[in-house]
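Chemist: One structure coming up, written as structure tokens, with questions to follow.
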Amino acid sequence: MKMSIDYDLEKREIHIPVQIDSQLNVLTLPVAVPAGQWTLCWDVDNESVKYANFVLPGVERQGSLVPHLELECLSSELKGNCCRAAATNTVEHTNGCSVDLYFQGHNNGVRFSHDPTIAVTPDPLGGRKKPYAGRPGKVLPVKA
């Protein structure tokens, strides 16, 4: 099955597909989060929900390596097949971090986690000019 991430620029939502097999192996894609406030939605596909579902805390950022990325999953926003988290990205340079997604298997009740990567960027979807970090004062165009 082909997987792709859906960016809804109007609603400022990013939908990330999640697949889980009978052995509780999780497959999801790394996601790039542009600057600003976004809602990240990890969606377990219809075939996978028979194996596992999301449980609290839903999603948590690992460590504090990217201090300008806030990520919060409210218990009221957590459904069995969908984990929604508010993300605020104020980074100045491209960076990345891992998160933990928390699940519970249906057959054995085992709680487990998966750790996909989130890339945070100052403006990957825009066309503004940004200073090039390697040489102060030099400006390179960024293609849209």
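The values are calculated or read from the model by the stated rules, or taken from the named source; none is laboratory data. The shown structure was predicted, so the numbers you read here are calculated from the model rather than taken from an experiment. Here the Cβ positions follow ideal geometry from the backbone for every residue, glycine too, while neighbour counts run over all protein chains shown.
Chemist: Please enumerate the residues belonging to the range 104-125 that are closer than 16 Å to Gln62 by Cβ and touching a residue at least 60 places away in the same chain (Cβ under 8 Å).
Modeler: Restricting attention to the range 104-125, the residues satisfying the condition of being closer than 16 Å to Gln62 by Cβ are 112-120.
Selection gives Phe112, His114, Pro116, Thr117, Ile118, Ala119, Val120.
Chemist: Continuing with the same structure: If I filter the range 45-57 for residues that are under 14 Å from Pro116 (Cα atoms) and either among the polar types (S, T, N, Q) or outside any strand (DSSP E or B) (or both), do I get at least one hit? Walk me through how you get there before you give the answer.
Modeler: The initial filter retains those residues of the range 45-57 that are under 14 Å from Pro116 (Cα atoms), namely none.
The answer is no; no qualifying residue exists.
Chemist: Taking Asn46 as meeting all but one of (1) surrounded by fewer than 12 Cβ atoms within 10 Å (Cβ to Cβ); (2) modelled with pLDDT under 90, write down the number of the exception.
Modeler: (2)
Chemist: Conditions first: (1) more than 13 Å from the chain's Cα centre (by Cα); (2) free of Cβ contacts under 8 Å to residues at least 60 places away in the same chain. Ile20 passes all but one, so which condition is the exception?
Modeler: It fails just one condition, (2).
Chemist: Could you please find all residues in the range 23-44 being touching a residue at least 24 places away in the same chain (Cβ under 8 Å) and part of a loop (DSSP other than H, G, I, E, B)? Talk me through it step by step, then tell me what you get.
Modeler: Start the filter on the range 23-44 by keeping residues that are touching a residue at least 24 places away in the same chain (Cβ under 8 Å), which leaves 24, 26-44.
Those that are touching a residue at least 24 places away in the same chain (Cβ under 8 Å) and part of a loop (DSSP other than H, G, I, E, B): Leu24, Leu29, Pro30, Pro34, Ala35.
Chemist: While we're here: State yes or no: is Val91 closer than 24 Å to Arg111 by Cα, touching a residue at least 24 places away in the same chain (Cβ under 8 Å) and touching a His at 6+ places or on another chain (Cβ under 6 Å)?
Modeler: Taking the combined requirement at face value, the residue does not satisfy it.
Chemist: Oh, and also: Do you know which of the residues in the range 65-86 that are touching a Gly at 6+ places or on another chain (Cβ under 9 Å) and at pLDDT 80 or above is surrounded by the fewest Cβ atoms within 10 Å (Cβ to Cβ)?
Modeler: Kept after step one, since they are touching a Gly at 6+ places or on another chain (Cβ under 9 Å), are these residues of the range 65-86: 65-66, 73-75, 77-78, 83-85.
Checking which are at pLDDT 80 or above leaves us with 73-75, 77-78, 83-85.
Numbers: Cys73: 23, Leu74: 11, Ser75: 8, Glu77: 15, Leu78: 19, Cys83: 26, Arg84: 21, Ala85: 24.
Among those residues, the one meeting the criterion is Ser75.
Chemist: Just give me the residues in the range 20-43 being surrounded by fewer than 16 Cβ atoms within 10 Å (Cβ to Cβ) and under 17 Å from Pro116 (Cα atoms), in sequence order. If you could, list the steps in order and put the result at the bottom.
Modeler: Restricting attention to the range 20-43, the residues satisfying the condition of being surrounded by fewer than 16 Cβ atoms within 10 Å (Cβ to Cβ) are 21-23, 25, 27, 29-30, 36-37, 39.
Across the range 20-43, the qualifying residues are Asp21, Asn25, Leu27, Leu29, Pro30, Thr39.
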